[in-house]
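*Asks:* Quick one: structure below, then a few questions.
The values are calculated or read from the model by the stated rules, or taken from the named source; none is laboratory data. Since this is a predicted model, take the numbers as computed values, not measurements. Methodologically, a virtual Cβ is constructed for each residue, glycine included, from the backbone with ideal geometry; neighbour enumeration extends over all protein chains shown.
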């Protein structure tokens, strides 16, 4: 098993407490959302997910931002992604959150709508329309898949957008509270539905949701305002990806530079904070990462330093902070900002005791990318803690499929 040694972080600001909204984290290392496709067919989180999050929340005061969680079946895009749009979903998540809370840790539910990044075949299977800000495919492959499935992309109507603002997202937010989540995070990154509205390459609408920056941000900000009234600003968060080129986004090559657009969103969030409605945190994806991949150093452009000129509240930064640098120099540099904490995903998948390994400088087990998106338990909950040997039988775990969480 491949390992990667890092220097201990126990005497750095990473292991100082940080107040995030209503809660105090005991350190500044969070689990970033990691899609794993281990839910049941009806989008209910499974027994495997219960063990997965219970194991990774053992260090008290940790924040688990759970995997992207769809707000409606018709807004999903892949089978076996978890949802938060039925009572059954909420009851299953409640058991997972109870396990996280029993470890003295916290959880955040990331609300997800996929938009044009959805699989047309998935939509056909669920008798759902293929929708986005505008009828602009992110790739020729997606277009051909849509034509083959008889699910060609179309723009959401104003009435449908209002339904998402006033019904769909509020329903999921209420269920998230019922399920015991400490925070609700709106997923507006990575080229998914909100991101598609934010940028002119994917939004060519001529109504109040398109054109100017103010109009392109209107949908996202309307949902945020609606959810502030439901969950409270100090339990609400949003994730943004200023440098995303994932799933057809163009970052600095947009007609309006993505930093300009995201700066406007941040300024609106800060304006709300100044008026007494400060979000718990803003989550930003670093330009070193595109989806689940690290960008080659020669191809990297830009940074997220601009955000601190605008947003003054807690900031969660994620994306390839562990990048074959044993001293974690970039992480330590960014941690000098005492109101910033950090999300990790890939190494969290393969190290259930990830926080303790960083604290003590213990070797990190290298993740196995082929097991990220699968329907079995192999290399999902079979990774050992430091000093333990895995007793998992690969053949048996490959046959172990997600099951309902028992009462």
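*Asks:* Please specify each residue of segment 205-220 satisfying the condition of being free of Cβ contacts under 8 Å to residues at least 40 places away in the same chain and within 25 Å of the chain's Cα centre (by Cα).
*Replies:* Selection gives 215, 218.
*Asks:* Let me ask you something else. Take the residues in segment 385-402 that are surrounded by 12 or more Cβ atoms within 10 Å (Cβ to Cβ) and part of a loop (DSSP other than H, G, I, E, B), then tell me which one is nearest to the chain's Cα centre (by Cα).
*Replies:* Per the stated criteria, the residue is 402.
*Asks:* Could you look through segment 123-132, keep only residues that are under 24 Å from the mean Cα position of the chain (by Cα) and surrounded by fewer than 20 Cβ atoms within 10 Å (Cβ to Cβ), and pick out the one that is nearest to residue 245 (Cα to Cα)?
*Replies:* 129
*Asks:* Search segment 133-146 for residues being touching a residue at least 24 places away in the same chain (Cβ under 8 Å) and surrounded by 13 or more Cβ atoms within 10 Å (Cβ to Cβ), and hand back the single one that is nearest to residue 93 (Cα to Cα).
*Replies:* Per the stated criteria, the residue is 133.
*Asks:* Surrounded by fewer than 19 Cβ atoms within 10 Å (Cβ to Cβ), touching a strand residue (DSSP E or B) at 6+ places or on another chain (Cβ under 9 Å) and at pLDDT 95 or above: is that true of residue 338 in this structure?
*Replies:* Taking the combined requirement at face value, the residue satisfies it.
*Asks:* If you don't mind, there's one more thing I want to ask. Name the residue that is modelled with the lowest pLDDT, counting only residues in segment 313-334 that are assigned to a loop (DSSP other than H, G, I, E, B) and within 21 Å of the chain's Cα centre (by Cα).
*Replies:* Within segment 313-334, the match that is modelled with the lowest pLDDT is 323.
*Asks:* Quickly run through segment 7-40 and pick out the residues that are out of contact with any helix residue (DSSP H, G or I) (no Cβ under 8 Å at 6 or more places or on another chain) and assigned to a strand (DSSP E or B).
*Replies:* Residues satisfying the conditions are 18, 19, 20, 23, 24, 25, 30.
*Asks:* Same structure again: Has segment 285-308 got at least one residue that is touching a helix residue (DSSP H, G or I) at 6+ places or on another chain (Cβ under 7 Å), crowded, with 22+ Cβ neighbours inside 10 Å, farther than 21 Å from residue 56 by Cβ and at pLDDT 95 or above?
*Replies:* There is no residue in segment 285-308 that is touching a helix residue (DSSP H, G or I) at 6+ places or on another chain (Cβ under 7 Å), crowded, with 22+ Cβ neighbours inside 10 Å, farther than 21 Å from residue 56 by Cβ and at pLDDT 95 or above.
*Asks:* Within segment 240-252, which residues are assigned to a helix (DSSP H, G or I) and touching a strand residue (DSSP E or B) at 6+ places or on another chain (Cβ under 6 Å)?
*Replies:* Of everything in segment 240-252, just one residue is assigned to a helix (DSSP H, G or I) and touching a strand residue (DSSP E or B) at 6+ places or on another chain (Cβ under 6 Å), namely 246.
*Asks:* Would you confirm whether or not segment 53-63 contains a residue that is under 19 Å from the mean Cα position of the chain (by Cα), closer than 20 Å to residue 238 by Cβ and modelled with pLDDT of 95 or more?
*Replies:* yes
*Asks:* Could I ask something else about it? Kindly list, by first and then second residue, each pair from a residue in segment 156-176 that is closer than 19 Å to residue 114 by Cβ to a residue that is at pLDDT below 95 and in a helix (DSSP H, G or I), limited to pairs with Cβ atoms under 7 Å and residues at least 6 apart or on different chains.
*Replies:* Filtered contacts from segment 156-176: no entries.
*Asks:* Condition check: surrounded by fewer than 22 Cβ atoms within 10 Å (Cβ to Cβ), within 18 Å of the chain's Cα centre (by Cα) and modelled with pLDDT of 95 or more. Does residue 177 satisfy that?
*Replies:* Here the answer is yes, as residue 177 does meet what is asked.
*Asks:* Cβ-Cβ under 6 Å, sequence separation 6+ or interchain: first residue in segment 1-22 and on the phi > 0 side of the Ramachandran plot and in contact (Cβ under 8 Å) with a residue 60 or more places away in the chain, partner surrounded by 15 or more Cβ atoms within 10 Å (Cβ to Cβ) and in a helix (DSSP H, G or I). Which pairs?
*Replies:* 21/234; 21/235
*Asks:* Only residues that are in contact with a helix residue (DSSP H, G or I) (Cβ under 9 Å, 6 or more places away or on another chain) and closer than 28 Å to residue 27 by Cβ: list them for segment 62-85, please.
*Replies:* 62, 64, 66, 67, 69, 82, 84
*Asks:* How about segment 191-212: which of its residues are in contact with a strand residue (DSSP E or B) (Cβ under 7 Å, 6 or more places away or on another chain) and surrounded by fewer than 24 Cβ atoms within 10 Å (Cβ to Cβ)?
*Replies:* Result: 205, single match.
*Asks:* So, one more: Looking at 382, 349, 371, can you tell me which residue is buried (at least 21 other Cβ atoms within 10 Å of the Cβ) and closer than 20 Å to residue 48 by Cα?
*Replies:* Only one candidate qualifies: 349.
*Asks:* Given the conditions (1) under 28 Å from residue 167 (Cβ atoms); (2) surrounded by 18 or more Cβ atoms within 10 Å (Cβ to Cβ); (3) modelled with pLDDT of 95 or more, and given that residue 249 satisfies all but one, which numbered condition is not satisfied?
*Replies:* Unmet for residue 249, out of (1) under 28 Å from residue 167 (Cβ atoms); (2) surrounded by 18 or more Cβ atoms within 10 Å (Cβ to Cβ); (3) modelled with pLDDT of 95 or more: (3).
*Asks:* Out of the residues in segment 79-111 meeting the condition of being closer than 19 Å to residue 38 by Cβ and without any contact (Cβ under 8 Å) to a residue 60 or more places away in the chain, tell me which one is surrounded by the most Cβ atoms within 10 Å (Cβ to Cβ).
*Replies:* My answer is 82.
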